[in-house]
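Enquirer: Shown below is the structure under consideration.
The values are calculated or read from the model by the stated rules, or taken from the named source; none is laboratory data. Note that the structure is a prediction, hence the values are computed from the model and not measured. Glycine gets a Cβ as well: all are built from the backbone with ideal geometry, and neighbour counts include every protein chain shown. Heads up: the accessible areas ignore ligands, DNA and RNA and are worked out on the full protein's heavy atoms, side chains in. Shrake-Rupley method; radii C 1.70, N 1.55, O 1.52, S 1.80 Å.
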Amino acid sequence: MTADQTTAPQRAGVRLRVLTYNIHGQRDDRAALAEVVRQVAPDVAILQEAPRRWRWRTRSAALANAFDMVVGAGGPPPLGNLVLTTLRVRVTGTWSVRFPLTPGRHLRGAVFARCAVGPARFVVAGSHLSTDPTERPAQARLLRQACADVDGSVILGLDVNDQPANPDDPPSPGTDARPAPGTDARPPGDTGAAWQLAAAGFTDAAAAVGADRAGTFPGRDPRRRIDAIFVDPRIEVAGCRVVDTPAARRASDHLPVVADLVLTDPAPGLDKRGG
């Protein structure tokens, strides 16, 4: 089953399909992983837990080839965050940020790629926040500031490792945190703070079309929505869905999120680095 909600675009513009996907270091069914992405056929794929160390160029290129895509940005500097594109998308510049290292934890960061499709200019960003609830909000704040420094439209694909508070659910006993959608209680560490910080000023693509009840993790029994696509409010969300298929449940411990976007403003996309 695939959770899907779609609305008809109200204005003409450049159509763009974006996927965000934590691929679990390619430790699961690689054939199923390739099948999932090829069937979605995104213009842009924002990946977490992608190759970041030994032979990362060769491994990233092989991954892109399996998806019928090319490498846009990634490698060691953005710490396992990878942007793949089709040839329809021109990548005109890339950069990365790193979050402060907490001793004993993984070093994390984010990838940015300045892109163009026809007259539309936009910046794609991807990140994977910490599993540690004590350091995750600070990373979310730094990520949001890095996105705010971009003068133009940003599309952010993110494994938040947190989920939004749901105002329709009562608070869990003994806490102010609200339960995860479809569960009786919010798991420990899911305070909603990192989600709120990362999403500030963005449109949550799934929520925009009423598709925010579908979980993305764990892949074989998705009960938590911890993966998201956030977009600049100037970008129209025509549809968004969680890909929940037998192949997707074999491919990774996360389910991918795909959004169909309409970029109606041809001007955004230039950032303060002068690109």
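Enquirer: Spelling out what I want: for every residue of segment 137-151, take phi, set θ = phi - 60°, compute 6.51 cos²θ - 1.76 cosθ + 1.60 (Karplus), and round to whole Hz; glycine and proline get x.
Expert: x, 5, 5, 4, 5, 5, 5, 5, 5, 4, 5, 5, 6, 7, 8
Enquirer: Give me, ordered by chain and number, the residues 5 or more places off ALA73 or on other chains with an amide H under 5 Å from its own placed amide H.
Expert: VAL83
Enquirer: Same structure again: So the label point goes 7 Å from the Cα of HIS24 along Cα→C-beta, right? Which residues of segment 186-219 then have their backbone N under 15 Å from it?
Expert: Taking a point 7 Å out along Cα→Cβ of HIS24, the residues of segment 186-219 whose backbone N falls under 15 Å are 216-219.
Enquirer: Show me, for segment 204-219, the HN-Hα J-couplings you get by feeding each phi into the Karplus relation (A = 6.51, B = -1.76, C = 1.60, θ = phi - 60°), rounded to Hz, glycine and proline as x.
Expert: 6, 4, 5, 5, 5, 10, x, 10, 9, 9, 8, x, 10, 8, x, x
Enquirer: Grab the other residues whose beta carbon is less than 13 angstrom from that of SER252, score K and R as +1, D and E as -1, and report the net.
Expert: Taking every Cβ under 13 Å from that of SER252, the sum is -3.
Enquirer: Let me ask something else about it. How much area per residue is accessible in segment 1-132 when the probe is 1.4 Å and only protein heavy atoms are counted (Å²)?
Expert: Accessible surface, normalised per residue, equals 46 Å².
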